[in-house]
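The next block holds one structure in the form of C-alpha cells; read it before the comments.
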Amino acid sequence: MFDVQNLGSGYGDVQIISELSFGVGNEILAVLGANGAGKTTLLATLAKVIPVRSGAITWQGQDVSASPAYELSKRGIAYVPQEGNVFPNLSVAENLSLGALVGTRPKEDRLTEVYDLFPRLAERKEQRAGSLSGGEGQMLAVGRALMQDPQLLLLDEPSAGLSPLYVDILFQTITEARKSREISIVLAEQNAKKTLEIADRVLVLSLGRMHLLEAAKDLSMKRLMKAYHI
Amino acid sequence: MAYLIFTLSLLLIYVGLALALHIQFGLLGIANFGVVGFWGLGMYAMGVLQVQLDMSFVDALFLVLVLSIAVSWLMGWLVLRLDPQATLCATIAFAAIVSLLVVTEKWATMGVVGLGTIRYPFRIGGGTEYLYFAFLLAVVVGLQILVLRLHRSPTGKLLQAIRDNEELCASLGKNTFQVKMFWFVIASVVMCLLGALSAPLNQFLTPNMIVPSVTFAVWIALILGGKGHSLGAVVGVFVTFGLFDILIETYAPVSPELAVVVPNMKLFLYGLLLMAVLIYRPTGLLAPTTPPEHVWAEIRSAGIAAGRGAMTLFQNGKNAIQNPNTNQPADSTAAQENDGAADGKS
C-alpha cells in the first residue's frame, strides 16, 4: 500500500535519512529512536514537506516521490507535525474546517465525528487555537487530520510534552480511529512503552538508518532499549 | 470646495490602496513595498493611452486592466517563492523601475516635462468632480465590502492559515502558491486600477508623483489602523491622511510663518503616532490587545534610557554653544549621564 525504497533525505548539506526501506500495510507502524535518530525528518519526508533526495515512495501503486505535499493530501495521506501543528489565530472550528479542504463527505458529518472523538474540542470550538493547552492543541491537530478522511496518517510525536492523562486519551483515540476507520498509521514517538501497547510493528531508527523492524508483540522493552543505545 | 473634493477623492484612493495592501500583507503576509509601483503604473498607463493614443477612458481602463494582470502575474511569479525580506527588496526594486521608466521613456511619458491633460470619463459642467468623487466612493465602498466578506469567508480563513503556516496549509491539500498568486494578482490589479482612476484626478502627471512616500503612507496607515482587521485600512487612512493632510495641513488656522513648518511637523507626528501605536497597540488601533508585563517593563526602561540620552545630547549641545572652542562636554556629569543612558538601554 505504502512503500518506501532506499529513501534518503536531509537539510542543506546534512544527510539525515539514508537507504531506508520499509512498507506500511493496514496497521500502526511505530517509528522509534533516540533524539536525533531522524524520526521527524522521516515523517516530514514521507509527507513531502521536505524533498526526497534519493529512493522512491510509492502509494497505492503510484510513485509519489516527486509529488508536492498538497497532492499527497488529496490522495489520502494526512500529516500531523510535532510542532506548529495548529493555526493559532483561527478558532478550533475554523482549524477543523481546513481539514475538510480534501475529501468528498459533507463537512458537517466529519465535524460531528471528530467532536464525538474529542468532546473537549466541541466545548472549545469558538476558542482561538493559540489559547488551547498543549494537550488540546494536539487533539485539534489530530482531529484536523482525521477531518481529511485519510487512508494513511503520519503522526509525529503527538504525545510530546503532554501530561500522562492526555497521553492516555490521545493514544486511546488514535486506536479507536484506527479501528473504526481502518486507517494505516505511521506513528513516530518517544514514549516507547505506550507505543508498544498500540503498535503492530516497530521500526527503530539509529542515525537515520533502520536498525530494527519487527512485530511489536515480539519486541521486549529490554531489546528495544538496547536498540536505542546502538 | 473643489479642493476639498479633490483631497477627499485622494483619500479614497489611499483607502483603496490600503485595502489592497491589507489583502496582500494583512491576510496573506506578503510584504509588498512596491505599492507606488503598481499605482504609478496604472496611472501612467492611463495617461499614455489617453493622451498619446487618444483612447477613450473605458478603452484605456480595459487596457490598463490587461496590462496590470500581466505585470502583477509576472511580479507574483518572481517574488512569491522568495523569503519575506527578499520579497520586500524585490517589490521596492519594482517600484524604482516603474519610477525610472517614467523618467527615461520620454516618447511615451514625456519624462520630467509631464503628461497631460487627462480627461474625466464624463463631463457634466461644474459637477464633474463631485460625480467622480461619488464614483470613487462607490468603488472603495465596494472594495471594503469585498474585504469584509473575504474576512468572514472560508477563503479568508484559508489566506490567514497560509500566512500563519504555509507548510502546514500545503499538507492540508491546498496548492498554496496558486492561492497566493491569485490574491496577489487581484490586489496588485486593484492598485493599478486605482492608479488609473487617480489619473483624471491629477489631470497632469509628473514623475515626482511616483515616490516611495506613497508606499510608506499606505503602510503606515495600514499598520496604524490594524493590518489584521478588516476595517484597519479605512481607520488608518483617516487617522493619517485624513487628519494630517486634510484637516491639519489644509484647514487648521495656522499663521503664515508656521505654515512652512506644518508639512515637516506632519511627518514628525506621523512617526510619533506610529511609534505610540507600535508600543501600546502593536497590532494596530482596531486590534484590542495589550502587551504582556515583561514587554511593558522593556518599554519603560527603553523610554527612561532614551530620555536620559536626549537630555545628555541637549546638555552637550547647550555647552557647545556656550563654549564653542571646547570639543568635549564641558563637565563630567554629562559623560556620566551618557554612560547611565547606555547602561539603561542594555
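For the protein assembly as shown, list log₁₀ I(q)/I(0) at each q in 0.07, 0.11 Å⁻¹, using the Debye formula over Cα point scatterers of equal strength and ignoring solvent, two decimals each. Treating every Cα as an identical point scatterer, log10 I(q)/I(0) equals -0.59, -1.06.
Would you mind checking A:Lys226/B:Lys174; A:Lys48/A:Lys194; A:Lys194/B:Lys174; A:Lys107/B:Lys227 for any pair whose Cα atoms are more than 32 angstrom apart?
The answer is A:Lys226/B:Lys174; A:Lys194/B:Lys174.
The Rg/Rh ratio of region A:92-171, with Rg taken over Cα atoms and Rh as the Kirkwood radius over Cα pairs, comes to 0.95.
Dipole magnitude for region B:18-155: about 240 debye, using +1 per Lys or Arg Cβ and -1 per Asp or Glu Cβ, origin at the Cα centre. For region B:2-239, a Kirkwood radius taken over Cα pairs fed into Stokes-Einstein (37 °C, viscosity 0.692 mPa s) yields D = 182 µm²/s. The convex hull built on the alpha-carbon positions of region A:2-228 has an orientation-averaged projected area of 11.7 nm².
Quick check: from the Cα gyration tensor, does region B:64-144 come out rounded (a/c under 1.5), prolate or oblate?
Since a/c reaches 1.5 but b/c is at least a/b, the shape of region B:64-144 is classed as oblate.
Against chain A, whose longest principal axis comes from its Cα atoms, helix A:164-181 is set at around 90 degrees. By other beta-carbon atoms within 10 Å, ranking A:Glu27, A:Glu189 with the fewest at the front produces A:Glu27, A:Glu189. Ordering B:Leu172, B:Gly156, B:Thr104 by the projection of their Cα atoms onto the charge dipole of region B:95-174, which places +1 on the Cβ of Lys and Arg and -1 on the Cβ of Asp and Glu, puts B:Gly156 at the extreme positive end. Could you pull out which residues in region B:5-43 have an amide N less than 13 Å from a spot 7 Å beyond the Cα of B:Lys266, following the Cα-Cβ vector? The answer is B:7-8, B:10-11.
Since every read-out is calculated from the coordinates, none of them should be taken as a lab result. Here the structure is a predicted model, which is why all the values come from computation and not from measurement. Note that each Cβ is placed from the backbone with ideal geometry, even for glycine, and that neighbours are counted across all protein chains shown.
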